[in-house]
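Read-outs throughout are calculated quantities, based only on the coordinates presented, and are distinct from any laboratory measurement. Everything numeric here is computed off the predicted structure, so don't read it as measured data. Cβ placement follows ideal geometry from the backbone for every residue including glycine, while neighbour counts extend to all protein chains displayed.
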Amino acid sequence: MSKQRAKLVVGNWKMHGRLAENATLLTEVAAGASALQNGVRVGVCVPYPYLAQAQALLGGSVVDWGVQDVSAYAQGAYTGEVAADMAADFGATYAIVGHSERRAYHRESADLVAQKTRRALDAGMTPIVCIGETLEERDTGATEQVVGTQLEAVLLVLSEDEASKIVVAYEPVWAIGTGKSASAGQAQQVHAFVRAKLADKGAAVANVQLLYGGSVKPENAQELFGQPDIDGGLIGGASLKSKDFLAICQAAQNASN
Ligand code: 13P
């Protein structure tokens, strides 16, 4: 029997938001999330310039905040980079690392993602390590090999204790921003594979939270989150509307009842 893990729903705003509209969104999310029970955790990962705003508006609420990337370096002459410690200065709890958009558009390698994971942990944050296959990889039967390799690169640089502190998000590239989510069965199948890989690293790692991401909506969230190895979601587009995001958080609560 798998241990009951708490659900987690994290919004990834990507490169969206402006000061005025963020204020409304953050305030509404904080107010709505306060009604959640059953240990459902909620977070939002905002663009760097809005980290202080997130801290100001979410501080004292049940909603945590975080960033969408961190530098692989601790500090130094790396123009344009943001160190994990800097995000931690603003109370960030989560750092997304290895999102497929960064792997694809910024050529981030598996090793670089592993270094970023380590930096986030060293700064006291929870890295949300994203893994996922492209449609072509799925169609050629390479899904497990691709996500397995992405995950192994991260686990390789972490101790068992460190690895037990990460969150993993399975985000099939073909499901991101397309409106076409993986089916609950497809997602569960990959999550079970990822869970087994984590268990290979040690008993403490077997129960890390595994999120699904890719076109999660209020309509499909509960079925996805009801799968035995899906512990919540990483939400893109739907996290920009408080009503939709809160409905997805509610679905996580319903799924854990
Ligand atoms: P969408 O929910 O917009 O498909 O994005 C998913 C995602 O990439 C979250 O990190």
Quick check: convex hull over the Cα atoms of segment 154-238, volume per residue in Å³, rounded to an integer? 86 Å³
In whole angstrom, the spacing between the Cα centers of segment 191-257 and segment 42-84 equals 22 Å
Please list 3J(HN,Hα) in residue order for segment 138-146, calculated via the Karplus relation 6.51 cos²θ - 1.76 cosθ + 1.60 where θ = phi - 60°; whole Hz, with x for glycine and proline. 5, 5, 9, x, 9, 3, 5, 5, 5
ILE96 long-range amide H proximity, modeled H, under 5 Å: VAL67, GLN68, ASP69, ILE128
Given charges at beta-carbon only (K, R positive; D, E negative), |dipole| of the chain in Debye: 420 debye
How do LYS241, LYS217 rank when sorted from fewest to most other Cβ atoms within 10 Å of their own Cβ? LYS241, LYS217
Calculate one ³J(HN,Hα) per residue across segment 78-92 by plugging θ = phi - 60° into the Karplus curve 6.51 cos²θ - 1.76 cosθ + 1.60, and present them in order as whole Hz with x for glycine and proline. 10, 3, x, 7, 10, 7, 4, 4, 5, 5, 5, 4, 9, x, 5
Between GLN186 and ALA35, what FRET efficiency comes out of the Förster formula 1/(1 + (r/R0)^6) with R0 = 51 Å and r the beta carbon distance, rounded to 0.05? 0.95
Return one quarter of the surface area of the convex hull spanned by the alpha-carbon atoms of the chain, equal to its mean projected area, in nm². 12.7 nm²
Return the calculated 222 nm mean residue ellipticity for the chain, to the nearest 500 deg cm²/dmol, obtained by summing -39500 (n - 2.57) across DSSP H runs with n ≥ 4 and dividing by the residue count. -12500 deg cm²/dmol
Could you tell me whether segment 86-230 comes out rounded, prolate or oblate from its Cα gyration tensor? Rule is a ≥ b ≥ c as square roots of the eigenvalues, rounded for a/c under 1.5, then prolate if a/b exceeds b/c, otherwise oblate. rounded
Which far-off residues, 5 or more places away or on another chain, put their amide H under 5 Å from the one on GLY213, with H placed in the peptide plane? TYR170, GLU171, LEU234
Unit charges at the beta carbon, dipole of the chain: most positive-side option, GLY66, MET125, GLY39: GLY39
Taking amide H atoms as placed 1.01 Å from N in the peptide plane, list the residues 5 or more away in sequence, or in a different chain, whose amide H sits under 5 Å from that of VAL42. VAL9, ASP64
Calculate, for THR140 and ASN207, the FRET efficiency according to 1/(1 + (r/R0)^6) with r their C-beta to C-beta distance and R0 30 Å; round to the nearest 0.05. 0.40
Could you order peptides 79-87, 122-130, 31-39 by the average number of other Cβ atoms within 10 Å of their residues, highest first? 122-130, 79-87, 31-39
Given 219-226, 163-170, the highest-first ranking by average Cβ count within 10 Å works out to 163-170, 219-226
Kirkwood Rh and Cα Rg combined as Rg/Rh, segment 54-169: 1.00
Please work out the ratio of the alpha-carbon Rg of segment 1-68 to 2.2 N^0.38 Å and round it to two decimals. 1.18
Row for segment 1-128, column shape: gyration tensor on C-alpha, a ≥ b ≥ c, rounded if a/c < 1.5 i.e. under 1.5, prolate if a/b over b/c, else oblate; value oblate
